[in-house]
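Since every read-out is calculated from the coordinates, none of them should be taken as a lab result. Small disclaimer: the values here were computed from a predicted structure and weren't measured. A quick note on method: Cβ atoms are made from the backbone with ideal geometry, for glycine too, and the neighbour counts reach across all protein chains shown.
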Amino acid sequence: MRQRKEPASFEALKAEAFIRGESTLSVVCDRPFDEVALQLEGSIVANDLGILQVHDFGRLFQAKGMALEHNCRVYEVCNPRLAAQLIDIDPGLAHVLPCRISMHDRGGVTTVTTPMPSALMTEFSHAANVARLARTFEAGLQRVLRGLL
């Protein structure tokens with residue numbers, strides 16, 4: 001008889017709180033959403049990135065008369081020096097900037113996720129230095145997310 005596989009518990013995820021997917025980086029936390037948000041904002045600034053915009057989907061939808069069951073925000077972040085270099089190499093990559101970090105909560109677990117620039121940017125450009133700059137962007141985003149652990 002085949003045994004049904006149980007979904008991963010938070011304790012199992014916590015053992016691997018930093019998760020590197022095929023094209024995303026994620027951190028899973030058991031702390032309250034607002035606490036993780038403050039820590040994320042501090043980690044962004046500490047890693048030489050600027051916060052350009054924060055989209056709070058709960059507030060946005062509430063203003064339209066809708067409600068979300070969970071908190072959900074998207075941070076638009078950028079390292080201006082790296083972004084300028086990237087746009088100088090391939091101006092067509094402006095549409096993948098700024099980098100985005102999303103966070104949401106569900107069942108007492110807060111998850112922070114970002115697309116991997118090395119996967120995203122090289123999908124749209126084959127210019128020689130794009131991959132190198134994308135990896136530099138990605139290293140900064142990894143430091144930001146690891147700062148939440």
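Counting Lys and Arg as +1 and Asp and Glu as -1 over every other residue whose Cβ lies under 15 Å from the Cβ of GLN85, the net charge comes to -1. Taking Cα atoms, how many degrees apart are the long axis of helix 33-46 and the longest axis of the chain, rounded to 10 and kept between 0 and 90? Helix 33-46 sits roughly 20 degrees off the main axis of the chain.
Take the Cα radius of gyration of the chain and divide it by 2.2 N^0.38 Å, N being the number of residues; the result is 1.15. Compared with the dominant Cα axis of the chain, that is its longest principal axis, helix 80-89 is turned about 60°. Among the GluC sites (Glu not before Pro) in the range 13-112, those placed in a DSSP loop whose Cβ has at most 15 other Cβ atoms within 10 Å are GLU16, GLU22, GLU69. Placing pseudo-labels 7 Å out from each Cα toward the beta carbon at GLN85 and MET66 gives an inter-label distance of 4.0 nm.
The helix-only estimate of mean residue ellipticity at 222 nm for the chain, built from DSSP H runs of length n ≥ 4 each weighted as -39500 (n - 2.57), is -12000 deg cm²/dmol after division by the residue total. Of the residues ALA131, ALA63, ALA94, the one that moves most in a GNM of the chain with alpha-carbon contacts below 10 Å is ALA63.
Sites listed here are chymotrypsin sites (Phe, Trp or Tyr not before Pro) in the range 58-149 whose DSSP assignment is loop and whose Cβ has at most 11 other Cβ atoms within 10 Å, and the list is empty.
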